[in-house]
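Visitor: Got a structure for you, questions after.
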Amino acid sequence: MQEFTTDVAVIGAGPTGLFAVFECGMLKMSCHVVDALPAIGGQCTALYPEKPIYDIPAAPEVSAAELVARLQAQIAPFAPQFHLDQQVVELQRREDGWELVTSLGTRIRARAVILAAGAGAFGPNRPPLAGIEPYEGRCVHYLVSDRERFRGQRLVIAGGGDSAVDWAISLAELAAEIHVVHRRDRFRAAPESAARLEQLAASGRVRLVIPYQLAGLEGDGEQLSAVIVKTLEGAERRIEADHLLAFFGLVSKLGPINDWGLDAHNGVIPVDPSTCATRVPGIFAIGDIATYPRKLKLILTGFAEAAHAAHAAYEIVHPDRALHFEYSTSTGVPGR
Ligand SMILES: Cc1cc2nc3c(=O)[nH]c(=O)nc-3n(C[C@H](O)[C@H](O)[C@H](O)COP(=O)(O)OP(=O)(O)OC[C@H]3O[C@@H](n4cnc5c(N)ncnc54)[C@H](O)[C@@H]3O)c2cc1C
C-alpha cells in the first residue's frame, strides 16, 4: 500500500483536471492526480483522440490527442504525481483535510480536493473471453495511448464503431498486419472513415473479418499468439496476432462519488460558479461534472473553472496567507 501527502488531490485526468494542476502549480500548490484510465486525457484520449477540436482559444485546430500532449507539457514544470488505472473509491474527512483511497489501495492525503471526474470513472466494455485477464494491458488493449507501440506488430482490431475504424486506419500506417473483426457486415463509423477503411481493405493493407465475433485467445498467458473468431453459425477462424485491440465502447460510472454527500443528481454536482466550491467545504468540482445555471459542458469552460477552483482552494491549503492576484506575465512559471 502506498501513502502520499499533497496540497491538492485532483480526481480525474481529463483536460480540466490537467489544467487544474497548472492553476494550482502557478499558486505553488502541489498536486496528485488519480484516474481510472491507464492514460491521461479523459474523454479526449478515450473517445476521440484523432478528432480535431476547433474551439480551444488560440488553437484554430488541434486534435484531442495533441491538446492532451500540450496540457501535459504545460504542467510538466509542476511535476504532478499521477496514479493511473485506479479509481478513487473512498473519500474520508481527516482533521487536516481529506484522504482518498483508490481501488489499488493507494492513499492520498490532501488539504483540498478538486473533482474533475467528467461523467465518472471510465472503464471498458470487456469482451467475455475466457482467460483474458493476464493479457490485459500487455497484449489486449481497450485504449491506445501510444500508437508507436504497435509498429511492426500483427493486430486484431475488434468493433464496428468510430474507435475501431479510426484506429484501423491510423495503425495501418505502421502495423505489420491488421485484421478488423466485426460481427456485422457494415461499420457504424462516420461514412468517410468507413469508406477509407474499405479502400485500405481493397488495397490489402487491412483485412476485414466480417461478420465474425471474438471467440477465444491463444497464447502462453503472457504473450498472445492468436485470436479465435467465429460466425454466428459457429464457423471458426484462427488469426495469428501479437495484440488484440477491442473497441466495444467505454462505460462511465459516478459510482462512489454519489455517496460523498455532494448532492449529485443526474451525474452532475452543483457548485458556486465563482469558486467551484461544492456544498462540502474543501471539495471543489470542475469540468463536465460541475453544474450551475446555464453551464456549458465545454473544455474551455472547464479551464476557467480550474482557475476559480485553484484560487479558492488556496484559501484552504494556506488559511494563514493572503493570496494576491497576479498575472502569469508577472510571476512567470514557478519551478521552470
Ligand atoms: C466525440 C466528442 C467530441 C467532443 N468535442 C468537443 C469539442 O469540440 N470542444 C469541446 O470543448 N468539448 C468537446 N467535447 C466534450 C469534452 O471532451 C468534455 O467537455 C471534456 O472532456 C470534459 O473534461 P473533464 O476533464 O471535465 O472530464 P473528462 O474528460 O470526462 O475526464 C474525466 C476523467 O475522470 C476520471 N474519473 C472519474 N471518476 C473517477 C474516479 N472515481 N476515480 C478515478 N478517476 C475518475 C475518468 O476516468 C476520466 O478520465 C467532446 C466530447 C466528445 C465525446
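The values are calculated or read from the model by the stated rules, or taken from the named source; none is laboratory data. Being a predicted model, the structure only gives us computed values, none of them experimental. Neighbour counts run over all protein chains shown; Cβ positions are idealised from the backbone, glycine included. Side chains included, ligands, DNA and RNA excluded: accessible areas come from the protein's heavy atoms. Shrake-Rupley method; radii C 1.70, N 1.55, O 1.52, S 1.80 Å.
Visitor: As a test, work out the antiparallel percent of DSSP beta bridges whose residues both lie in the chain, rounded to the nearest 5.
Guide: Counting DSSP beta bridges with both partners in the chain, the antiparallel share is about 45 percent.
Visitor: Given the whole protein assembly as supplied and a 1.4 Å probe, what does the accessible area of D146 come to in Å², nearest 10?
Guide: Taking all protein chains as shown, D146 has close to 80 Å².
Visitor: Convex hull over the Cα atoms of the range 224-309, averaged projected area in nm²?
Guide: Average of the hull's projected areas for the range 224-309 equals 9.9 nm².
Visitor: Among the GluC sites (Glu not before Pro) within the range 240-336, which fall in a DSSP loop and have no more than 16 other Cβ atoms within 10 Å of their own Cβ?
Guide: Those that pass, being in a loop and sparsely packed, are E326.
Visitor: Mind listing the phi-derived Karplus ³J(HN,Hα) values for the range 184-199, rounded to whole Hz, using 6.51, -1.76 and 1.60 with θ = phi - 60°, and x for any glycine or proline?
Guide: Each residue of the range 184-199 in turn: 10, 9, 10, 9, 8, 6, 3, x, 5, 6, 4, 5, 5, 5, 4, 4 Hz.
Visitor: Does the range 266-312 come out rounded, prolate or oblate by the C-alpha gyration tensor, with a ≥ b ≥ c the root eigenvalues, rounded set by a/c under 1.5 and, if not, prolate when a/b is larger than b/c and oblate if not?
Guide: oblate
Visitor: Can you pull out the trypsin sites (Lys or Arg not before Pro) in the range 222-313 whose DSSP state is coil and whose Cβ has at most 14 other Cβ atoms within 10 Å?
Guide: Sparse-neighbourhood loop trypsin sites (Lys or Arg not before Pro): R279, R294, K297.
Visitor: Could I ask something else about it? Percent of accessible area on the range 256-336 owned by carbon and sulfur, 1.4 Å probe?
Guide: Reported share for carbon and sulfur atoms: 53 percent.
Visitor: Here is a further query. Could you let me know the centre-to-centre spacing of the range 21-49 and the range 269-298, using Cα atoms, in angstrom?
Guide: About 17 Å separates the Cα centre of the range 21-49 from the one of the range 269-298.
Visitor: Report the Rg/Rh value for the chain, based on alpha-carbon coordinates and the Kirkwood definition of Rh.
Guide: When Rh is taken as the Kirkwood radius, the ratio is 1.02.
Visitor: If you place +1 on the Cβ of every Lys and Arg, -1 on the Cβ of every Asp and Glu, and leave all else neutral, what size is the dipole of the range 124-235 about its Cα centre, to the nearest 20 Debye?
Guide: 240
Visitor: Mind checking the angle between helix 15-26 and the chain's longest principal axis? C-alpha axes, 0 to 90 degrees, to the nearest 10.
Guide: So the helix axis and the longest Cα principal axis differ by about 40 degrees.
Visitor: If you don't mind, there's one more thing I want to ask. In debye, nearest 20: dipole of the range 197-336 around its Cα centre with unit charges on the Cβ of K, R (+) and D, E (-)?
Guide: 400
Visitor: In terms of the Cα gyration tensor, with a ≥ b ≥ c the square roots of its eigenvalues, is the range 50-125 rounded because a/c is under 1.5, prolate because a/b exceeds b/c, or oblate?
Guide: Prolate shape, in that a/c is at least 1.5 and a/b is the bigger ratio.
Visitor: Looking at T291, G302, A195, which one has the Cα that reaches farthest to the positive end of the dipole of the chain (charges on Cβ: Lys, Arg +1; Asp, Glu -1)?
Guide: Value computed over the given set: A195.
Visitor: I need the shape label for the range 28-159. Rule: rounded when a/c is under 1.5, else prolate if a/b > b/c, else oblate, with a, b, c from the alpha carbon gyration tensor.
Guide: oblate
Visitor: Can you pull out the chymotrypsin sites (Phe, Trp or Tyr not before Pro) in the range 266-336 that DSSP calls coil and that have at most 12 other Cβ atoms within 10 Å?
Guide: Here the sparse-neighbourhood loop sites are F325, Y327.
Visitor: With +1 assigned to the C-beta of every Lys and Arg and -1 to the C-beta of every Asp and Glu, and no other charges, what is the dipole magnitude of the chain about the Cα centre in debye, to the nearest 20?
Guide: Here the size comes out at about 420 debye.
Visitor: Then there is this: Can you tell which of A313, T6, A36 lies farthest toward the positive end of the dipole of the chain, using +1 and -1 charges on the Cβ of basic and acidic side chains (Lys, Arg; Asp, Glu)?
Guide: About the Cα centre, the residue reaching furthest to the positive side is A36.
Visitor: Enter the accessible area per residue of the range 1-144 (Å², integer; probe 1.4 Å; all protein chains in place).
Guide: Each residue of the range 1-144 exposes 42 Å² on average to a 1.4 Å probe.
Visitor: What's the carbon and sulfur percent of the range 122-185's accessible surface, probe 1.4 angstrom, rounded to a whole number?
Guide: 42
Visitor: Tell me, what is the per residue accessible area of the range 178-331 in Å², probe radius 1.4 Å?
Guide: Per residue, the range 178-331 has an accessible area of 55 Å².
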